């Protein structure tokens, strides 16, 4: 039956958009429902997403009854290519992205083929994954990105981009896709963003945000929270300025140090991490925004407290590298399964993932912004015990041991 605006009304047995969003988070409903009403031409797509959400929920429940933990989200680092080199980049530190000085140079291929990603995403959907967070590298440097997202139109794709690589062709394609959200990374004001990401990046990123808003594309921002910018984001005017541009989602991830102890950047890297006192004040500000602002706020690690600690290793999400390695999260570079020759089901059921999920100590962040970062020794011991390899050593597992090195030294 058609509604007053010409859209199809769902059958009585099918949940409405309002009911689905309320079931996830009433705040999400208050953000997205007004957008849906303003853009009725997209209602047909929301019906597919509602049915996809229900299928995914039932599939995860069935897997859970079989003893398999399937996350609702997968983080897909779809390519190792990027046009920027940002200070403190997690993709560089974990070996996803090689840096120009060769300090973290990756031995992996730039990315899997579209056909291989299609196979991986199809299995994930069958297992019950509903949302795919597309990262990189820079996702818009991956050929066929939006066509791949459009193929799975009953699932949500959140593309995290630096905002400088979206072409006119991409913008035209986005006009016809309704299951994609674009999240643009900025660090705060112009000087802070350009200091980390490069001169002129702030202007280009903001131009992208404004254009997406005019087009009626669901968009958001992502920022790495440090001692240099946390005061800026605690000012309500900063959030209000984004909502005026049409931004509906704010993702605030506290800085995780990535430099090795011997690196010349180590001191700076550690010093820009929030102190426990600053973290508490920032968390209070985020909770206040969540109650009062018309933007949906995600704060890491603060929100993890609601789920009993770190949500990696399949508790809330898992991560796939450009080469197909399945890792607990983007910051962690240990894996036991590569999805070019193993199934996602087997990877999620692996001892590596299972032991992380079951070890309460590994799930606690302590005074740091990342649980696994807080427990490097325990994670290293676990990796050795289950035969994991470092993903930066390249696809196919750990390199062969040399005559002068024992095999277990790969993980030290």
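The values are calculated or read from the model by the stated rules, or taken from the named source; none is laboratory data. Computed from a prediction, not measured in an experiment: that's the story for all the values here. Cβ coordinates were reconstructed from backbone atoms using ideal geometry, including for glycine residues, and neighbour counts include every protein chain displayed.
Kindly provide the set of residues from the stretch 292-317 that are farther than 19 Å from residue 273 by Cα and assigned to a loop (DSSP other than H, G, I, E, B), ordered by number.
293, 294, 295, 308, 309, 311, 312, 313, 314, 315, 316
Scan the stretch 274-308 for residues that are buried (at least 19 other Cβ atoms within 10 Å of the Cβ) and either more than 24 Å from residue 243 (Cβ to Cβ) or at pLDDT below 85 (or both) and jot them down.
If the condition is that a residue be buried (at least 19 other Cβ atoms within 10 Å of the Cβ) and either more than 24 Å from residue 243 (Cβ to Cβ) or at pLDDT below 85 (or both), then 274, 279, 301, 302, 304 are the ones that fit.
Considering only residues that are surrounded by fewer than 19 Cβ atoms within 10 Å (Cβ to Cβ) and either touching a residue at least 24 places away in the same chain (Cβ under 8 Å) or assigned to a helix (DSSP H, G or I) (or both), which ones fall in the stretch 53-66?
Once the filter is applied, which keeps residues that are surrounded by fewer than 19 Cβ atoms within 10 Å (Cβ to Cβ) and either touching a residue at least 24 places away in the same chain (Cβ under 8 Å) or assigned to a helix (DSSP H, G or I) (or both), the stretch 53-66 yields 54, 55, 57, 58, 59, 61, 62, 63, 64, 65.
Of these, 198, 131, 169, 163, which one is on the phi > 0 side of the Ramachandran plot and surrounded by fewer than 23 Cβ atoms within 10 Å (Cβ to Cβ)?
The match here is 198.
How many of the residues in the stretch 318-346 are in a helix (DSSP H, G or I) and touching a helix residue (DSSP H, G or I) at 6+ places or on another chain (Cβ under 7 Å)?
Within the stretch 318-346, the first condition is being in a helix (DSSP H, G or I), and the residues that meet it are 344-346.
Filter again for touching a helix residue (DSSP H, G or I) at 6+ places or on another chain (Cβ under 7 Å), leaving 344-345.
So the answer is 2.
What number of residues in the stretch 199-232 are out of contact with any helix residue (DSSP H, G or I) (no Cβ under 8 Å at 6 or more places or on another chain), closer than 22 Å to residue 254 by Cβ and in contact (Cβ under 8 Å) with a residue 12 or more places away in the chain?
Restricting attention to the stretch 199-232, the residues satisfying the condition of being out of contact with any helix residue (DSSP H, G or I) (no Cβ under 8 Å at 6 or more places or on another chain) are 199, 204, 206-208, 210, 213-214, 220, 222, 226, 231.
Next cut, closer than 22 Å to residue 254 by Cβ only: 220, 222, 226, 231.
Imposing the further condition that a residue be in contact (Cβ under 8 Å) with a residue 12 or more places away in the chain reduces the set to 220, 222, 226.
Result for the stretch 199-232: 3.
Limited to the stretch 211-239, what total is found for residues that are surrounded by 15 or more Cβ atoms within 10 Å (Cβ to Cβ), assigned to a helix (DSSP H, G or I) and modelled with pLDDT of 95 or more?
Summing the residues that are surrounded by 15 or more Cβ atoms within 10 Å (Cβ to Cβ), assigned to a helix (DSSP H, G or I) and modelled with pLDDT of 95 or more in the stretch 211-239 gives 5.
Only residues that are more than 26 Å from residue 234 (Cβ to Cβ) and under 15 Å from the mean Cα position of the chain (by Cα): list them for the stretch 276-315, please.
Once the filter is applied, which keeps residues that are more than 26 Å from residue 234 (Cβ to Cβ) and under 15 Å from the mean Cα position of the chain (by Cα), the stretch 276-315 yields 312, 313, 314, 315.
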